[in-house]
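Engineer: Would you mind keeping the following structure in view while I ask a few things?
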Amino acid sequence: MAYEWDFGVVLAQWPLFLKGLGGTLLIAAISIGLGVILGAIIATGRMSRLAWLRIPAGIYVDFYRNTPGIVHFFWFYYALPIVADIRMGPLEAAVLALTTQSASFYCEVFRGAILSLPKGQWEGGAAIGMTRFQTLRRVILPQAALRMVGPFIERTFELIKTTSLASTLAYGELLYSATQISAQTYRPMEVYTVVALIYFCLLFTFSLLARRVERRLTHV
Amino acid sequence: MKNHILKVEGLTKSFGTNQVLKGIDLDIAPGERIAIIGGSGSGKSTFLRCLNFMETLTTGAIYLDGTRIGRVVGKDGDKESVVYSPRTLCDVRKRVGMVFQQFNLFPHMSVLQNVMEGLVTVLGKSKGEARQIAEAELTKVALHEKLDAFPSQLSGGQQQRVAIARAIAMSPEILLFDEPTSSLDPELVGEVLRTINTLGEEGRTMLLVTHELGFAYRFATRVLFLYDGKIHEQGTAEEIFKNPQSERTRAFIARSSEFSL
Amino acid sequence: MNYQWDFGIIWSSMPVFGRGIVVTIELTLICLVLGLILGMLLSLAQMSRVRALQVAGRSFVEFFRNIPALIQLIWFFYAFPILIGAQLSPFTAAVLGITLNTGAYCAEIYRSGIQSIARGQWEGARAIGMSDKAIFRRIILPQVFDRMLPAFTNRAVEVAKITSLASVLSVHDLMYQGRLLSATYYRPLEILTAVGILYLCIIYPLSFASMMAERHLARKR
């Protein structure tokens, strides 16, 4: 193998990598925040006794579960501006795609934890005259919250990985920076290896931290 | 008439196409202690759970203190359509307490908090007052030393006594016990039965679904034998256990009491 | 909004979509089958008594789970050929990337499936004198299979979704054809919506199977 490795040229571009990392973290953070809010709203709809709330919420979740993320990115970037008659930048489109997608997953995290509690807990509340809402707030949610931690971390982990799709809209995150550096340096081998390692470190650190938080929260 | 606190009329209950209760009528006078016995699948637990609307009735009516529960909004042939608002159900459950087979304590709350919960969130009492009541009730079930323990740290018998304290703290007019000792180890059954017995001596109105026929015999002022979703036979404990009229009742008692009576 | 919809474009594009769908399904099946085999080998490595194999298996799994699939595909297309000194077709690079990724996830499914069987099952079988090998084959595997089925069908859903990333390497799958058509006809709204719905039609049956597998398992317990 006669290939001459040269990581020096690539690593000299560290400001661009850093900028990309910033872009990745930015859309991840916004989408987590908005996704949790939207996810909670959809979960409420999915567990409602009113069919006109429950059915659309179910379709929403099923749709996102059964279509690839990249389709959402392209749809929000190229198709939505036509329906809604608005201008759409790569950042907005990426955040919209990530938020709506993660909302469907967070919805299932919330719902799954609530449904995992035994029916007796609802009955215990009802038997002393509590309303459904009081039981939910005082009895169900405090217990369900702990069960949400693990799946929540897992979904967030997936969301961070999915941010890489934003590069296909030329949004300046890690992978997009990498393609730019690769084009400048003609060193795809080194560039993509470096970017893979950056992701690995980022996500591995995240999962270590998350596991620690999870352990602290669930073993009180 | 009108000396009954709870009256059940033509109660039926179906799960899908499976009719579990096939028409039950019952008047309960204040201070009665009623034991409900019967084989598995006789519908005895379902019947009890209908009385505080843990299960919604398919047809029939329940009167509490002479007032019908729910609002009749129309008739569809013979079948009335009745609306039970969430508010009505909460009111009923304040007045009709229940103790479950599986305790259904709240695992994230201490013993004291479990008993205080309904007093504060449902009856709107102050924390201080709720605490006083809760401590008194827990003393009554001999758990005043476990106030700050969590349910998972208690034995099954202790957990069930907490559940009883939680129910009586609400000062219900009627208490329902749904097989309160069925999920307990044999050596823990006694302490729970003693607690229930003490409550009976206070003159409370109680309904108890149980397999402990010996206890039912000593405890109950009236015994109902349920078979196939109906009250097959009823009478005083003496009548049902010592001189049952129906062959089926006799067979059930003989089979179930070989060891316990 | 007075946008003039043109659904005719979808019908006239159907043959092109059809070719893309075939590639998407091919890619899904190949990667799923290879991934299942690879995953089995990886989980065996992780459970083996040889320390080096354990570490190698574990590292492989951690590595592929902690890097986005898109990066893996791009790496196998742009970087890997330089390493081995031979060009890979986009399809081969995609198969390689998706298979290794799938293998890492499947390894975890096997491992947690086998570990989820209670110790009592091993003890019960040993108590009647069965050999470890017989216990594994007759007692553990049948139970494990039921438990893992929902997880595997779930993974199939994920694999089908991941194949859409191959379009970035210009593999002519459904997503690629959609992008191409939408750029050619300037009709992204109709075309991309159609692409979404077509994916839904391909993937929903897998989801449905997964739901059925879960129900089947719930009934058995």
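Engineer: To the nearest 20 debye, what is the magnitude of the charge dipole of the range A:7-218 about its Cα centre, counting +1 on the Cβ of each Lys and Arg and -1 on the Cβ of each Asp and Glu?
Structural biologist: The calculated dipole for the range A:7-218 is roughly 820 debye.
Engineer: Helix by helix through chain A, keep the DSSP H runs that span 24 Å or more along the axis on Cα and average at least 0.0 on Kyte-Doolittle, and give those back in order.
Structural biologist: Result, helices passing both filters: A:14-46, A:90-115, A:141-162, A:188-218.
Engineer: Next up: Residues with beta-carbon under 11 Å from that of C:GLY39, excluding C:GLY39: net charge, scoring Lys, Arg +1 and Asp, Glu -1?
Structural biologist: Combined, the nearby Lys, Arg, Asp and Glu give +1.
Engineer: Now a separate question. Could you give the size of the charge dipole of the protein assembly as shown about its Cα centre, using +1 on the Cβ of each K and R and -1 on the Cβ of each D and E, expressed in debye and rounded to the nearest 20?
Structural biologist: 400 debye
Engineer: Please grab the % of Cα pairs in the range A:7-218 that end up more than 32 Å from each other.
Structural biologist: For the range A:7-218, the fraction of Cα-Cα distances above 32 Å is 30 percent.
Engineer: While we're on this one: Within 10 Å of each Cβ in peptide C:73-84, how many partner chain Cβ atoms are there on average? Round it to a whole number, please.
Structural biologist: Mean shielding by partner chains, rounded to a whole number: 5.
Engineer: Nearest 500 deg cm²/dmol is fine: what mean residue ellipticity at 222 nm does chain B get from its DSSP H runs of n ≥ 4 alone, each adding -39,500 (n - 2.57), divided by its residue count?
Structural biologist: Rounded to the nearest 500, it is -11000 deg cm²/dmol.
Engineer: Still on this model: In whole Å, how far is the Cα centre of the range B:1-77 from that of the range B:184-261?
Structural biologist: 19 Å
Engineer: Can you pull the mean other chain C-beta count within 10 Å for peptide C:56-69?
Structural biologist: Average per residue, whole number: 4.
Engineer: Given A:LYS119/B:LYS13; A:LYS119/A:LYS161; B:LYS94/B:LYS125; B:LYS22/B:LYS242; A:LYS119/B:LYS140, which pairs have Cα atoms separated by over 24 Å?
Structural biologist: As for pairs spanning more than 24 Å Cα to Cα, those are A:LYS119/A:LYS161; B:LYS22/B:LYS242; A:LYS119/B:LYS140.
Engineer: List the equivalent ellipsoid semi-axes of chain B in whole Å, largest first, each obtained as the square root of 5λ for an eigenvalue λ of the Cα gyration tensor.
Structural biologist: They are 30, 25, 16 Å, listed from largest to smallest.
Engineer: Please report how far the C-alpha centroid of the range A:46-115 lies from that of the range C:95-156, rounded to the nearest whole angstrom.
Structural biologist: 34 Å
Engineer: Give me B:ASP91, B:ASP78 sorted ascending by neighbouring Cβ count inside 10 Å, so fewest comes first.
Structural biologist: With the fewest neighbours first, B:ASP91, B:ASP78 line up as B:ASP78, B:ASP91.
Engineer: Let's test this: bin the Cα-Cα distances of the protein assembly as shown at 20 Å from zero up to the farthest pair and state each bin's percent.
Structural biologist: P(r) over the protein assembly as shown, rounded to whole percents: 14, 37, 29, 17, 2, 0.
Engineer: Could you please rank C:TRP75, C:TRP5, placing first whichever residue has the fewest other Cβ atoms within 10 Å of its Cβ?
Structural biologist: The most exposed by this proxy come first: C:TRP5, C:TRP75.
Engineer: Just how many % of Cα pairs in the range C:63-221 lie over 22 Å apart, if you round to the nearest whole percent?
Structural biologist: Percent of Cα pairs beyond 22 Å in the range C:63-221: 58.
Engineer: Summarise the partner chain shielding of B:164-174 as one whole number: the mean count of Cβ atoms from other chains within 10 Å of each residue's Cβ.
Structural biologist: Partner Cβ neighbours, averaged per residue: 1.
Where a number appears in this text, it was derived from the coordinates with a stated rule and is not lab data. All of these numbers come straight from a predicted model, not from anything done at the bench. With ideal geometry, Cβ positions are generated from the backbone for all residues, glycine too; neighbour counts draw on all protein chains shown.
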